[in-house]
Protein chains: 6
Amino acid sequence: MTHINAHAETSRLERGKRALAEIDGEAGHKVIAALADIAPDFADYVFEFPFGDIYSRPGLDLRSREIATIAALAAMGNAAPQLKVHIEAGLNVGLSREQITEILIQMAVYAGFPAALNGLFAAKEVFAARDLAA
Amino acid sequence: MTHINAHAETSRLERGKRALAEIDGEAGHKVIAALADIAPDFADYVFEFPFGDIYSRPGLDLRSREIATIAALAAMGNAAPQLKVHIEAGLNVGLSREQITEILIQMAVYAGFPAALNGLFAAKEVFAARDLAA
Amino acid sequence: MTHINAHAETSRLERGKRALAEIDGEAGHKVIAALADIAPDFADYVFEFPFGDIYSRPGLDLRSREIATIAALAAMGNAAPQLKVHIEAGLNVGLSREQITEILIQMAVYAGFPAALNGLFAAKEVFAARDLAA
Amino acid sequence: MTHINAHAETSRLERGKRALAEIDGEAGHKVIAALADIAPDFADYVFEFPFGDIYSRPGLDLRSREIATIAALAAMGNAAPQLKVHIEAGLNVGLSREQITEILIQMAVYAGFPAALNGLFAAKEVFAARDLAA
Amino acid sequence: MTHINAHAETSRLERGKRALAEIDGEAGHKVIAALADIAPDFADYVFEFPFGDIYSRPGLDLRSREIATIAALAAMGNAAPQLKVHIEAGLNVGLSREQITEILIQMAVYAGFPAALNGLFAAKEVFAARDLAA
Amino acid sequence: MTHINAHAETSRLERGKRALAEIDGEAGHKVIAALADIAPDFADYVFEFPFGDIYSRPGLDLRSREIATIAALAAMGNAAPQLKVHIEAGLNVGLSREQITEILIQMAVYAGFPAALNGLFAAKEVFAARDLAA
């Protein structure tokens with residue numbers, strides 16, 4: 001069991017790094033890098049818990065997970081940088097721009113028109129940056 | 001064009017009633033009924049905007065829409081009755097109990113452990129009521 | 001100036017007590033009474049700051065102030081007991097049931113349909129209790 | 001009835017456009033224009049639901065409606081661009097700068113001093129821009 | 001290193017269980033027990049991340065950590081059950097009733113009077129239950 | 001009693017000014033100055049209620065009060081300017097950078113990883129500005 005735990009622990013951080021790279025891509029790496037001189041331990045927690053633990057669970061596909069995250073962050077309306085990272089992530093795991101736009105429009109029902117508007121304008125920025133980089 | 005608009009308007013309310021019945025089922029009808037003696041106009045808006053307009057849009061399937069709604073309501077953490085209605089709705093449109101549980105667990109990352117816990121306990125109540133009714 | 005200050009201070013608490021009695025009525029007194037054995041100092045702050053300072057300012061009439069408070073509490077969605085007290089207060093200072101219902105319906109636009117629904121159900125309870133007491 | 005519905009539908013979008021122009025003025029048009037290349041359908045919803053449906057209801061005057069909206073947006077504290085649009089709107093429908101300032105000060109009681117401060121600084125920007133344009 | 005990781009992993013869950021028992025006591029165990037039939041994996045996450053990782057960090061004492069948690073939960077205002085658990089926890093790690101009351105009163109400044117009131121009434125319930133059990 | 005009240009009132013504003021200067025320092029004075037041409041009365045309330053009343057209460061030390069405030073503002077996630085002021089304040093009353101970092105990391109548990117991240121990046125800015133000024 002010790003052996004299994006050791007393996008689990010190793011793969012928790014490693015699994016999180018791989019999952020973050022796959023899901024968040026460049027945008028995720030920038031967040032991690034920005035933590036280096038203020039809270040490097042927290043960078044490890046970001047790898048380990050959200051990505052090593054949660055996104056690596058088999059019970060829900062990544063596309064569905066990003067629908068949930070984009071919806072939650074747009075509805076809360078107080079985490080604009082993370083919303084942009086996860087609009088990127090949604091595109092990375094297979095959501096189309098149209099589907100992301102639909103999720104954000106839908107938030108008008110549950111969190112109000114301002115939350116939907118601010119979410120849509122965040123998406124507009126992300127889409128434009130992608131077009132520019134392409 | 002007048003004719004098309006007339007048709008559109010008729011189907012907006014009608015379409016909303018059918019969509020609410022399909023998605024929210026009995027739980028949705030209770031909400032509408034409870035509005036009758038305080039704000040019957042608002043009951044019409046519930047049919048028309050969320051269900052007649054938004055959930056009837058073709059760009060995203062109902063299963064994905066309910067993932068977004070469950071995530072948003074759990075993350076906001078201030079709309080317990082509506083979260084329960086949409087956990088019901090998620091089951092109605094094809095999400096499994098396990099998938100709904102995954103969405104709620106994931107909210108620990110974005111809205112904190114209390115939001116996830118309260119979401120999971122709401123799901124537990126909905127699942128238990130379903131088992132009892134079955 | 002000392003004299004004026006002394007007068008101001010006396011009237012701050014006194015003015016707050018009169019304002020709370022006028023605006024919140026019985027519902028306000030219950031809140032104050034409930035604080036007696038946990039934080040009586042906080043009861044004084046409730047008299048002094050919201051009522052002695054803010055509601056006593058001449059720049060906005062009480063009816064407009066209660067529109068603002070009902071809207072804010074319904075939109076925040078996490079203060080159901082205080083929302084009910086201020087629906088009462090709105091009626092006390094001259095808002096009609098219909099006007100309060102309009103404010104709550106409007107919150108669907110800014111805070112989402114769940115916030116409006118929960119606000120309307122709070123109003124329904126307050127109106128029913130008034131009818132029963134009448 | 002078909003005819004009436006057709007008329008109603010036409011006037012819903014038209015009524016919304018007129019109401020938005022009257023209430024939000026130039027600031028509202030900028031929001032609509034910014035939606036054109038990301039979610040033009042959502043621009044229609046903005047016209048139709050908040051303005052065509054809600055602000056056009058007869059039960060509450062526009063001045064009272066803007067008190068409610070300014071209070072709600074300041075209290076939520078996560079929709080700065082929309083708060084500024086509605087401080088503009090408040091001035092457009094007859095609220096004085098002093099009255100808007102009172103509403104924002106009052107939010108310190110219900111949503112805390114930071115919400116009031118950030119609301120006041122938003123108002124300061126809107127008032128300064130108006131002075132500059134005058 | 002494998003050995004160290006194995007040890008770390010073992011102690012992460014174990015350390016979390018010990019920390020939760022010490023900090024949250026009986027109230028924490030009830031939460032964990034309630035998760036058994038809906039999301040037992042999430043019970044492990046509760047042990048591991050908040051308690052095994054965060055509360056076990058050496059950089060801040062438990063008394064200071066509970067001040068932070070009580071303040072955050074009272075200010076957010078949407079997690080009443082967790083606020084009560086952490087008022088218990090605050091008493092368990094050395095905060096006095098008076099100090100907890102001060103923290104809750106202070107939240108009036110940052111999150112508004114309703115948040116402070118609802119926090120104080122939660123504390124009143126916890127203190128009364130303690131007196132009854134004593 | 002008149003004399004005592006006069007004294008109390010004088011010292012309430014005076015006490016608040018001294019407390020704000022001690023706790024918030026330069027950052028607090030900038031906030032007050034910015035209010036001068038929009039709501040000078042509100043500047044007085046800021047001195048009087050948070051600082052003259054609450055922070056001047058003897059039941060909790062200033063270091064503990066700033067732990068509570070930093071935690072609350074980071075968890076609410078919608079008051080970035082005030083969070084920065086209180087990270088400064090925390091340093092002023094004796095919290096170390098490491099302790100402030102711990103409080104912000106802990107908020108991941110209660111308000112989610114985005115709240116913690118945005119809090120940590122706010123702290124990074126404050127710390128960097130301090131280093132530059134030193």
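At-a-glance table
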item: Residues of the range A:89-120 classified as more than 7 Å from every other protein chain (Cβ to nearest Cβ), assigned to a helix (DSSP H, G or I) and either open to solvent by 40 Å² or more (accessible area, probe 1.4 Å) or touching a Cys at 6+ places or on another chain (Cβ under 8 Å) (or both), total; result: 2
item: In the range D:123-134, residue least open to solvent (accessible area, probe 1.4 Å) [restricted to those that are small (Gly, Ala, Ser) and farther than 10 Å from F:ILE38 by Cβ]; result: D:ALA129
item: Residue match in the range E:91-108 (condition: within 13 Å of the chain's Cα centre (by Cα), under 30 Å from B:ARG97 (Cβ atoms) and at pLDDT 95 or above); result: no
item: Checking A:ASP44 against (1) modelled with pLDDT under 95; (2) over 20 Å from B:ALA71 (Cβ atoms); (3) not hydroxyl-bearing (Ser, Thr, Tyr), the condition it does not meet; result: (1)
item: Looking only at the range F:51-64, and only at residues there that are touching a Leu at 6+ places or on another chain (Cβ under 8 Å) and either in a helix (DSSP H, G or I) or acidic (Asp, Glu) (or both), the one that is farthest from the other protein chains (Cβ to nearest Cβ); result: F:GLY52
item: B:LEU83 within 12 Å of chain A (Cβ to nearest Cβ), closer than 15 Å to B:PHE127 by Cβ, open to solvent by less than 20 Å² (accessible area, probe 1.4 Å) and not in a helix (DSSP H, G or I); result: no
item: Of the criteria (1) free of Cβ contacts under 8 Å to residues at least 40 places away in the same chain; (2) over 23 Å from B:ALA43 (Cα atoms); (3) open to solvent by 10 Å² or more (accessible area, probe 1.4 Å), which one D:ILE67 fails; result: (3)
item: Residues satisfying the stated conditions in the range D:88-102, i.e. farther than 20 Å from F:VAL31 by Cβ and either touching a helix residue (DSSP H, G or I) at 6+ places or on another chain (Cβ under 8 Å) or basic (Lys, Arg) (or both); result: D:GLU88, D:ALA89, D:GLY90, D:LEU91, D:ASN92, D:VAL93, D:GLY94, D:LEU95, D:ARG97, D:GLN99
item: Any chance F:MET76 is more than 17 Å from the chain's Cα centre (by Cα) and either of a type in the set (A, V, I, L, M, F, W, C) or within 9 Å of chain E (Cβ to nearest Cβ) (or both); result: no
item: The range C:21-39 residues that are within 20 Å of E:ILE100 (Cα to Cα) and outside the structural domain of C:VAL85 (by TED's automatic domain parsing), paired with ones that are open to solvent by 30 Å² or more (accessible area, probe 1.4 Å) and charged (D, E, K, R) (beta carbon under 7 Å, 6 or more apart); result: C:ILE38/E:LYS124
item: Answer from C:ALA74, C:ALA19 - the residue that is surrounded by 24 or more Cβ atoms within 10 Å (Cβ to Cβ) and of a type outside the set (Phe, Trp, Tyr); result: C:ALA74
item: Residues of the range D:36-47 that turn out to be farther than 15 Å from B:ILE54 by Cβ and at the interface with chain A (Cβ under 7 Å from one of its Cβ atoms), as a count; result: 1
item: In the range D:28-47, residue most open to solvent (accessible area, probe 1.4 Å) [restricted to those that are within 14 Å of the chain's Cα centre (by Cα) and closer than 23 Å to C:ALA75 by Cα]; result: D:VAL31
item: Selection count where residues are of a type outside the set (A, V, I, L, M, F, W, C) and free of Cβ contacts under 8 Å to residues at least 12 places away in the same chain, scope the range E:109-134; result: 3
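The values are calculated or read from the model by the stated rules, or taken from the named source; none is laboratory data. If you're wondering where the values come from, they're calculated on a predicted model, not measured in any experiment. Reconstructed Cβ throughout: ideal geometry from the backbone, glycine too, with neighbour counts over all protein chains shown. Side chains are part of the model used for accessible areas, which takes the heavy atoms of the whole protein and leaves out ligands, DNA and RNA. Shrake-Rupley method; radii C 1.70, N 1.55, O 1.52, S 1.80 Å.
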